[in-house]
Amino acid sequence: MKYDPTKIEAKWIKKWEETNIYKTPEDVKPGEKYYVLPQTPYPSGYGLHVGHAEGYTASDIIGRYNRMKGKKVLEVMGWDSFGLPAENYAIKTNVHPKITTEEAIKNFIYQCKRMGLSVDWDREVGSHRPYYYKFTQWFFLLFYKMGLAYREMQQVNWCESCKTVLANDQVVDGKCERCDTIVTQIPKEVWFLRITKYAERLDRDLDLVDWPEDSKKRQRDWIGISEGARVKFMVGTGLKTCSTSIDVFTTRPDTLFGATFMTIAPEHKIISELKSNIKNWEEVSKYLESVKNKTELERKQDKEKTGVKLEGVVAVNPVNNAEVPIYVSDYVLVTYGTGAIMCVPAHDERDYAFAKKFGVDIIEVVREKGKKDSRDYEKEGVFTEAGTMVDSGEYDGMNSEDFKKKIVEKLSKEGIAKSEKMMKLRDWSVARQRFWGAPIPMILCEDCGYVPVPEKDLPVMLPDDVDFKPTGESPLRYSKTFHEGVTCPKCGKPARREVDTLDTFMCSSWYYYRYLDPHNTNEFASEKALKTWMPVDMYIGGREHVTGHLLYSRFFTKVLKDAGYIDFDEPFIFHRHQGMIHGEDGRKMSKRWGNIVNPTDVMDRHGGDTLRLYEMFMGPLEDPKAWSTKGERGVFKFVNRTYKTAAKVSSKIVSTDDKQKQEILVNKLIKYTGTAIETLHFNTNISQFMEFINAVSKFANIDKSVWERFLLTIAPYAPFLTEELWEKIGNKYSIHQQAWPRYDESLTVEDTVDLPVQINGKTRGNVMVSVEATEDIVVTAAKVDEKIGKYLTAKAIKKVIYLPGKIVNIVV
């Protein structure tokens, strides 16, 4: 018997489609639902890559398992199909992006079906289709009604190559995430969403979700909420001649007595206000010109701090009336805080370096507890922790944390300070000066200004009479049909439409709601559908979306709750990442390196089940992993061996001793697999499947009941193979409509050992294996172990010395 994936898998794809086996159940009762979701892909012409396949396989295993456990499962697929890549391809080929996108989607669906994904294709959605982007526009109008959408002139991120504004999360290391062009800051009037209004809730409610801790931390750092105080420093030519003031935000009001100078951003308005008093204006002007074209990233990363003192003007420290110099420096950003910093060189490393360079006083005001002598900064560095107040007048000897509260209270009564929270998060710029996106549903009237399009007139259709070539202005500006017959909804006079399109993240921030009710033309989803399926039970996607898509999706959900459409706070209760898959050379897959692995090629060679099993076997789901053609072949051998082992299945009575041994094997496997799927330990689970086949293949006959339970247990991983073998032993269609097998706890007592693993004689860790594990199983377990595997990557094994149950030494 030889397994023929091409013939067998095509047979079952056709059967599943004919019987609509994966249709989403109706009339779901409370407690029955399970919504499993992988992040939606962008349908490029290259098709799915193996990174997609990893996340989709994991989601599908979870979906299939929960169906067998009696849950009513929603498993769906759709396309994040608006955006720059499709438009840039259209510019290059002169083919409308709608055509190339739909062609790409056909290929994606073909690949997904070959992978055996148990998707309800009746619920497929695409963000470029009118009855999807109708509701993307509806969401924009909802934000507008709630005072959360506004148009304003601000400094924005600009990509000169793409000729469009970018949101902060679309700038990676100072470059456009799509084309690697250096991003510049330009003033532009565009539409924003007021996400900052939700900053505190977005930060606080991360406690409600089960996400990787590093992901929660990254999102919190991106939001960047700091608790401190806003303090007013008077500014002028001297203590008695101050005519204006500068506010600073500080998280360390306990160091106010040590503030010996101030730095302000080159864009700070106070510079122009004090111009007539600045004695070295020519020098200051030259400095402002020299930093004008620096990007924000360059200003943040420059190790050598530059600046110019504003001669003739000073700031007055409000706690001691000391006159302190003011410097203009490009490391201060007008977009964060107040654009001005009180500098305490004794207690901040950056301030210390600046003070040493410019010869500014350094005054210690917080001393390490128990330390009597002044600090030696050259040897000990600056002190940045809490401690005891010194050189702070009447507050000397007080604990710095107590003083922090006391000084803010005192200054608040005098109108000089107030407690405040500051954040790094900025409002989301959602307008794009490109064609391939959802038109912003606003109309510009000469008399009434910007007026929202009435909901009854949605969708505002994307026109076809458009030249795609980017010019820095939206191509929709020059479309005749787009503006033809448009009148102001308010006064009825002729008007023009808004010509910018919406950021593609507007589309992907709500797609998980559309799957619930994709054919509803009146609502983004019905109240019944929302109550039935939300929130998502399991969400799987890449780490790179933590500060973009995941943040925006949470924002959308909180707005929907405030508007009364839903009664929950978070869209994704349980979220996990899949790790990046690298090429066989260990580098990121790229056409440049010629190391791309196409899942279609893998399926052409070895079938969809081999792709699925190998993707899960490579290592822990969340870890980065390198592809191995040898490993792929090894998994295909396992598929073949499983197929051949079916020939030993007998409906005749197996000897009592053999039956008992086989029962122990299958009961342990059922218990282990349930736990492994629920904890996403797919790689070790596959090792257990391999051990099971290795063990049962040694019997002359395999009990049919044991074999059936094995097939049910591995069915979520290998849907084609198990469907075929289920039929071959005379069972009714379909294995994927059967219940998850039960196990006898008394037969699952583990006979395992925590086996030490040596590499070239040096112990590198332990692996948990059966006491009866073969040498091959032990070596495989060592390879996939995150601590041990790195010592075996890309190295040929010369010899294995294995003492069962005691130790293994692998010589490389």
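Select from the range 730-750 the residues that are polar (S, T, N, Q) and either loosely packed, with under 14 Cβ neighbours inside 10 Å or assigned to a helix (DSSP H, G or I) (or both) and write down the one among them that is modelled with the lowest pLDDT.
If we take residues in the range 730-750 being polar (S, T, N, Q) and either loosely packed, with under 14 Cβ neighbours inside 10 Å or assigned to a helix (DSSP H, G or I) (or both), then SER746 is modelled with the lowest pLDDT.
Is it true that GLU200 is outside any helix (DSSP H, G or I), open to solvent by 10 Å² or more (accessible area, probe 1.4 Å) and in contact with a Lys or Arg (Cβ under 9 Å, 6 or more places away or on another chain)?
no
So which of THR521, THR547 is open to solvent by 10 Å² or more (accessible area, probe 1.4 Å), among the polar types (S, T, N, Q), at pLDDT below 95 and farther than 24 Å from ASN66 by Cβ?
Only one candidate passes the filter, namely THR547.
Does ASN701 satisfy the criteria of being open to solvent by 10 Å² or more (accessible area, probe 1.4 Å) and either touching a residue at least 24 places away in the same chain (Cβ under 8 Å) or touching a strand residue (DSSP E or B) at 6+ places or on another chain (Cβ under 6 Å) (or both)?
In short, yes.
May I ask you to list pairs of residues, at least six apart or on different chains, whose Cβ atoms are under 9 Å apart, with the first in the range 493-505 being farther than 18 Å from PHE143 by Cα and free of Cβ contacts under 8 Å to residues at least 24 places away in the same chain and the second being part of a loop (DSSP other than H, G, I, E, B) and open to solvent by 30 Å² or more (accessible area, probe 1.4 Å)?
PRO494/GLU446; PRO494/GLY485
Taking the conditions exactly as written (in a helix (DSSP H, G or I), under 30 Å from ASP609 (Cα atoms) and either touching a His at 6+ places or on another chain (Cβ under 7 Å) or in contact (Cβ under 8 Å) with a residue 60 or more places away in the chain (or both)), does THR136 satisfy them or not?
Numbers: in a helix (DSSP H, G or I): yes; under 30 Å from ASP609 (Cα atoms): no; either touching a His at 6+ places or on another chain (Cβ under 7 Å) or in contact (Cβ under 8 Å) with a residue 60 or more places away in the chain (or both): yes.
For THR136, the condition - in a helix (DSSP H, G or I), under 30 Å from ASP609 (Cα atoms) and either touching a His at 6+ places or on another chain (Cβ under 7 Å) or in contact (Cβ under 8 Å) with a residue 60 or more places away in the chain (or both) - is not met.
Could you list, in sequence order, all residues of the range 66-95 that are modelled with pLDDT of 90 or more and either surrounded by fewer than 18 Cβ atoms within 10 Å (Cβ to Cβ) or touching a Gly at 6+ places or on another chain (Cβ under 8 Å) (or both)?
LYS69, GLY70, VAL73, GLU75, GLY78, TRP79, SER81, PHE82 - these are the residues of the range 66-95 that are modelled with pLDDT of 90 or more and either surrounded by fewer than 18 Cβ atoms within 10 Å (Cβ to Cβ) or touching a Gly at 6+ places or on another chain (Cβ under 8 Å) (or both).
Residues of the range 271-287 being more than 13 Å from VAL313 (Cα to Cα) and free of Cβ contacts under 8 Å to residues at least 40 places away in the same chain, which ones? Talk me through it step by step, then tell me what you get.
Our first condition is that a residue be more than 13 Å from VAL313 (Cα to Cα); within the range 271-287, this holds for 282-283, 285-287.
Scanning the range 271-287 gives GLU282, GLU283, SER285, LYS286.
If a residue has to be open to solvent by 40 Å² or more (accessible area, probe 1.4 Å), assigned to a loop (DSSP other than H, G, I, E, B) and touching a Pro at 6+ places or on another chain (Cβ under 9 Å) to count, how many in the range 313-356 make the cut?
Qualifying residue count for the region: 1.
Would you tally the residues in the range 440-492 being of a type in the set (Lys, Arg) and either within 16 Å of VAL190 (Cα to Cα) or free of Cβ contacts under 8 Å to residues at least 40 places away in the same chain (or both)?
Residues meeting the conditions: 3.
Say we look at the range 146-156 and pick out the residues that are open to solvent by 20 Å² or more (accessible area, probe 1.4 Å) and touching a residue at least 40 places away in the same chain (Cβ under 8 Å); which of these is farthest from LYS175 (Cα to Cα)?
Among residues in the range 146-156 that are open to solvent by 20 Å² or more (accessible area, probe 1.4 Å) and touching a residue at least 40 places away in the same chain (Cβ under 8 Å), the one farthest from LYS175 (Cα to Cα) is MET146.
Just checking, does the range 489-499 include any residue being farther than 17 Å from TYR450 by Cβ and either of a type in the set (Gly, Ala, Ser) or assigned to a loop (DSSP other than H, G, I, E, B) (or both)?
Among the residues of the range 489-499, not one is farther than 17 Å from TYR450 by Cβ and either of a type in the set (Gly, Ala, Ser) or assigned to a loop (DSSP other than H, G, I, E, B) (or both), which makes the answer no.
LEU425 is checked against (1) within 25 Å of ILE223 (Cβ to Cβ); (2) at pLDDT 95 or above; (3) not polar (S, T, N, Q) and fails just one. What number does that condition carry?
For LEU425, the exception is condition (2).
Take GLU189 and tell me if it is modelled with pLDDT of 90 or more and either open to solvent by 50 Å² or more (accessible area, probe 1.4 Å) or farther than 30 Å from ARG367 by Cβ (or both).
Working: modelled with pLDDT of 90 or more: no; either open to solvent by 50 Å² or more (accessible area, probe 1.4 Å) or farther than 30 Å from ARG367 by Cβ (or both): yes.
No.
Out of all the residues in the range 564-577, which are open to solvent by less than 40 Å² (accessible area, probe 1.4 Å) and assigned to a loop (DSSP other than H, G, I, E, B)?
ILE566, PHE568, GLU570, PRO571
For ILE540, all conditions in the list (1) open to solvent by 20 Å² or more (accessible area, probe 1.4 Å); (2) β-branched (Val, Ile, Thr); (3) not in a helix (DSSP H, G or I) hold save one; what is the number of the exception?
Unmet condition: (1).
Just checking: which of the helices (runs of 4 or more DSSP H) contained wholly in the range 589-660 hold 2 or more residues that are under 12 Å from GLU54 (Cα atoms) and of a type in the set (Phe, Trp, Tyr)?
Fully inside the range 589-660 and qualifying: 608-617.
Looking for something open to solvent by 20 Å² or more (accessible area, probe 1.4 Å), touching a strand residue (DSSP E or B) at 6+ places or on another chain (Cβ under 6 Å) and either over 28 Å from ALA58 (Cα atoms) or without any contact (Cβ under 8 Å) to a residue 40 or more places away in the chain (or both) - is there at least one such residue anywhere in the range 687-696?
No, the range 687-696 contains no residue that is open to solvent by 20 Å² or more (accessible area, probe 1.4 Å), touching a strand residue (DSSP E or B) at 6+ places or on another chain (Cβ under 6 Å) and either over 28 Å from ALA58 (Cα atoms) or without any contact (Cβ under 8 Å) to a residue 40 or more places away in the chain (or both).
Going through the range 292-321 one residue at a time, which ones are touching a residue at least 40 places away in the same chain (Cβ under 8 Å) and closer than 22 Å to LYS240 by Cβ?
Scanning the range 292-321 gives LYS309, GLY312, VAL313, VAL314, ALA315, VAL316, ASN317, PRO318, VAL319, ASN320, ASN321.
Please determine, by comparing only the residues of the range 435-480 that are modelled with pLDDT under 95 and not in a loop (DSSP other than H, G, I, E, B), which one is nearest to ASN88 (Cα to Cα).
PRO475
For the range 8-44, which residues satisfy the criterion of being in a loop (DSSP other than H, G, I, E, B), at pLDDT 95 or above and among the acidic types (Asp, Glu)?
GLU32
Only one of GLU378, GLU304, GLU296 is loosely packed, with under 13 Cβ neighbours inside 10 Å and either out of contact with any helix residue (DSSP H, G or I) (no Cβ under 9 Å at 6 or more places or on another chain) or among the small types (Gly, Ala, Ser) (or both). Can you tell me which? Before the answer, list the steps.
Numbers: GLU304 fails: either out of contact with any helix residue (DSSP H, G or I) (no Cβ under 9 Å at 6 or more places or on another chain) or among the small types (Gly, Ala, Ser) (or both); GLU296 fails: loosely packed, with under 13 Cβ neighbours inside 10 Å.
Selected residue: GLU378, the only one of GLU378, GLU304, GLU296 that is loosely packed, with under 13 Cβ neighbours inside 10 Å and either out of contact with any helix residue (DSSP H, G or I) (no Cβ under 9 Å at 6 or more places or on another chain) or among the small types (Gly, Ala, Ser) (or both).
Which residue pairs have Cβ atoms closer than 8 Å, lie 6 or more positions apart in sequence or on different chains, and pair a first residue in the range 49-62 that is closer than 15 Å to THR679 by Cα with a second residue that is among the polar types (S, T, N, Q) and open to solvent by less than 10 Å² (accessible area, probe 1.4 Å)?
Filtered contacts from the range 49-62: ASP60/SER118.
Restricting to the range 715-729, give me the number of residues that are open to solvent by 20 Å² or more (accessible area, probe 1.4 Å) and in contact (Cβ under 8 Å) with a residue 60 or more places away in the chain.
Counting residues in the range 715-729 that are open to solvent by 20 Å² or more (accessible area, probe 1.4 Å) and in contact (Cβ under 8 Å) with a residue 60 or more places away in the chain gives 2.
Looking only at the range 266-293, count every residue that is modelled with pLDDT of 95 or more and open to solvent by 70 Å² or more (accessible area, probe 1.4 Å) and tell me the total.
4
Just checking, which of TYR512, TYR552 is within 30 Å of GLU9 (Cβ to Cβ), crowded, with 17+ Cβ neighbours inside 10 Å and hydroxyl-bearing (Ser, Thr, Tyr)?
Numbers: TYR552 fails: within 30 Å of GLU9 (Cβ to Cβ).
The unique qualifying residue is TYR512.
The values are calculated or read from the model by the stated rules, or taken from the named source; none is laboratory data. As the structure is a prediction and not an experimental result, all values here were calculated from the model. Note that we place each Cβ from the backbone using ideal geometry, even for glycine, and neighbour counts take in every protein chain shown. Ligands, DNA and RNA are excluded from the accessible area calculation, which covers all protein heavy atoms including side chains. Shrake-Rupley method; radii C 1.70, N 1.55, O 1.52, S 1.80 Å.
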